[in-house]
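Peer 1: Could you have a look at this structure, given as structure tokens, before my questions?
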Amino acid sequence: MRISARVVGFTGAAAAAVMLASCSGGSGSTSSTPPSPTTPGTSTSTTAAAPQTAAVNPLTGAKPSNNKVVAVKIDDTANGRPQVGVDKADIVYIEQVEGGLTRLLAVFNSTLPTTVEAVRSTRAGDPEVLGQYGPVVYVASGGSHNPLAVLDHSNLSSDINDRGGPGFQRDPNRPAPYNLKANLSQIAKQLKGVKARNIGLTWSATIPNSPVGNGSIVRTTVGNTPVAFNWNSKLQRYVRIINGAVQHTASGTTIATPNVIVQFCSVTIYTKDRDVLGNPNYYTHTVGKGNVVVFRNGKAILGTWSRPKLSSPTAFTDRQGKAIPLTPGGAWVVL
């Protein structure tokens, strides 16, 4: 697997440094020992930190929410578009799956939509990504034996469609398996879960004094899938671009975010989970450390990320060791 990021406007030396450092962090093109079904990721710790009472929502930097945190696995292919409800998510992760494709892991808290579509199957790395959030509600359409076993040994409160979970419905206007809808408001009422807590993000409307470059264009690759965002000064957000076109939800809302975090992670082949064609899945390691480029306000900030164990928040720091603040309003994280 090749992951690259182009930061428009940086000097050649700085851009080259990011490229070299990020490409040395790990590759899915070589197999390594996959995590055990009962001990996913780098750490087995699931000790939850004490809930924080914050003046702002730690997932958005905006008004706090009394809702539970609900994470949903959403399709990210042409068959699953236009998506429904993804614009209501506070944090969205783009992660690699089998065949060089991507899927979304969308985290909702400020709003729990009555319809999110298209919900897809779980992957073994999802409990590791979500470990920093605590025992949140997790929604998926199903999964193969190993990812479901990993999920069952996590502390997530899961609602899985093929197990007869509540809150699911099929969309008669779309073909299966791209037609599963989830009612997050209903699901959250029926399952145990926790409210938003600190996951390492800091928020400020002021652009930091960190060294910044022109970050109006985000171009990177996850697996074999190009991922792109363009800064829109009118919206004051990065709009998602696929095949040169701005992306919209089924209701016509532009899919956009005030922050894009390109987080370079080690990615390894996960042979315990294969698709119907025999293609192995890929496991993205979000516990550890590596390089990061944070895009906000049309600027790009180089830095590093660090997450020492499963329950730890992910710290994003600039080259001076200072926390990189995000523009309030949520973020998309490109793993």
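Peer 1: Between ARG163 and SER306, what is 0.36 nm times their sequence separation minus the Cα-Cα distance? Round to one decimal in nm.
Peer 2: Full extension from ARG163 to SER306 adds 47.9 nm.
Peer 1: How far is it, in nm, from the label point at ASN230 to the one at ILE242 when both lie 7 Å from their Cα along the line to the Cβ?
Peer 2: 1.7
Peer 1: What do you reckon, how do LYS322, LYS181, LYS73 stack up by accessible area (1.4 Å probe), largest on top?
Peer 2: Numbers: LYS322 120, LYS181 45, LYS73 0 Å².
Reading off the accessible areas and sorting them downward yields LYS322, LYS181, LYS73.
Peer 1: Then there is this: Ratio of region 124-248's C-alpha Rg to 2.2 N^0.38 Å, to two decimals?
Peer 2: 1.36
Peer 1: Further question on the same structure: Which whole-number percent of Cα pairs in region 219-335 have a distance greater than 25 Å?
Peer 2: Taking all Cα-Cα pairs of region 219-335, the fraction more than 25 Å apart is 33 percent.
Peer 1: Ignoring ligands, DNA and RNA, please state the percent of accessible area on region 85-138 from carbon and sulfur, probe 1.4 Å.
Peer 2: The nonpolar share, carbon plus sulfur, comes to 46 percent.
Peer 1: Any idea of the accessible area per residue across region 62-128, 1.4 Å probe, to the nearest Å²?
Peer 2: Accessible area per residue, region 62-128: 26 Å².
Peer 1: Determine one quarter of the surface area of the Cα convex hull of region 282-335, which equals its mean projected area, and express it in nm² to one decimal.
Peer 2: Averaged projected area of region 282-335's Cα convex hull equals 4.4 nm².
Peer 1: Would you mind counting up the charge near GLN236? Only other residues with Cβ under 14 Å from its Cβ, with Lys and Arg at +1 and Asp and Glu at -1.
Peer 2: Charge balance in the 14 Å sphere: +4.
Peer 1: Taking all protein chains together and a probe of 1.4 Å, list HIS285, HIS153 from the most accessible to the least accessible.
Peer 2: Per-residue accessible area, sorted high to low, gives HIS153, HIS285.
Peer 1: A further question follows. Between ALA62 and ARG319, what FRET efficiency comes out of the Förster formula 1/(1 + (r/R0)^6) with R0 = 35 Å and r the beta carbon distance, rounded to 0.05?
Peer 2: Efficiency, from the Cβ-Cβ distance: 0.80.
Peer 1: Based on the inverse mean of 1/r over its pairs of different Cα atoms, what is the Kirkwood hydrodynamic radius of region 105-148, in Å?
Peer 2: 11.7
The values are calculated or read from the model by the stated rules, or taken from the named source; none is laboratory data. Remember, it's a predicted structure, so these values are computed and weren't measured experimentally. So basically every Cβ, Gly included, is an ideal-geometry build from the backbone, and we count neighbours across all protein chains shown. Ligands, DNA and RNA are stripped out before the accessible areas are found, and what is left, the full protein with its side chains, is counted by its heavy atoms. Shrake-Rupley method; radii C 1.70, N 1.55, O 1.52, S 1.80 Å.
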